[in-house]
Amino acid sequence: MRSRYSAFVLGKTQYLLDTWHETTRPKNLELDADMRWLGLEIHQTRAGGPDATRGVVDFEAHYAQGRGQDSQREVSSFVRENGAWFYVDAL
């Protein structure tokens, strides 16, 4: 989750696509260049331990856009395949 947030901050579209599970990954991804990410809060995690194959992260990402600030709260599911974590979807 943190690496994907960092990819949003840095505009690393290819990393986001590479870490998105193939069953739900879009063909293209366009990031909003006017959005400036301000911070990430992890509210809760479920599963996702060293031996887990699935995990869930409840997070809130804060951002500025134009003159205002806001946040996006999401509960995301992840799956681990061949030792790598992939974003699946928002619950």
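None of the figures in this text is laboratory data; all of them are computed from the coordinates on show. The structure presented is a predicted model; accordingly, all values stated were derived computationally and were not measured. So basically every Cβ, Gly included, is an ideal-geometry build from the backbone, and we count neighbours across all protein chains shown.
Where does region 2-44 land on the Kirkwood hydrodynamic radius, alpha-carbon pairs, in angstrom?
The Cα-based Kirkwood calculation yields 11.4 Å.
Dipole size in debye (nearest 20) for region 2-90 around its Cα centre, Lys and Arg Cβ +1, Asp and Glu Cβ -1?
120 debye
Please list, in order along region 32-49, the HN-Hα scalar couplings obtained from phi with the Karplus expression 6.51 cos²θ - 1.76 cosθ + 1.60 (θ = phi - 60°), rounded to whole Hz, x for Gly and Pro.
7, 5, 7, 8, 10, 7, 10, x, 10, 10, 9, 7, 6, 10, 10, 6, x, x
For the pair A90 and R46, how long in nm is the line joining their label points, each one 7 Å along Cα→Cβ?
Inter-label distance under the simple model: 1.8 nm.
Which ³J(HN,Hα) values, rounded to whole Hz and listed in residue order, are derived for region 77-91 from phi using the Karplus coefficients 6.51, -1.76 and 1.60 in 6.51 cos²θ - 1.76 cosθ + 1.60 with θ = phi - 60°, glycine and proline given as x?
Calculated HN-Hα couplings, in order: 9, 10, 10, 9, 9, 6, x, 10, 8, 10, 5, 9, 6, 9, 8 Hz.
Report Rg/Rh for the chain, rounded to two decimals, where Rg is the Cα radius of gyration and Rh the Kirkwood radius.
0.97
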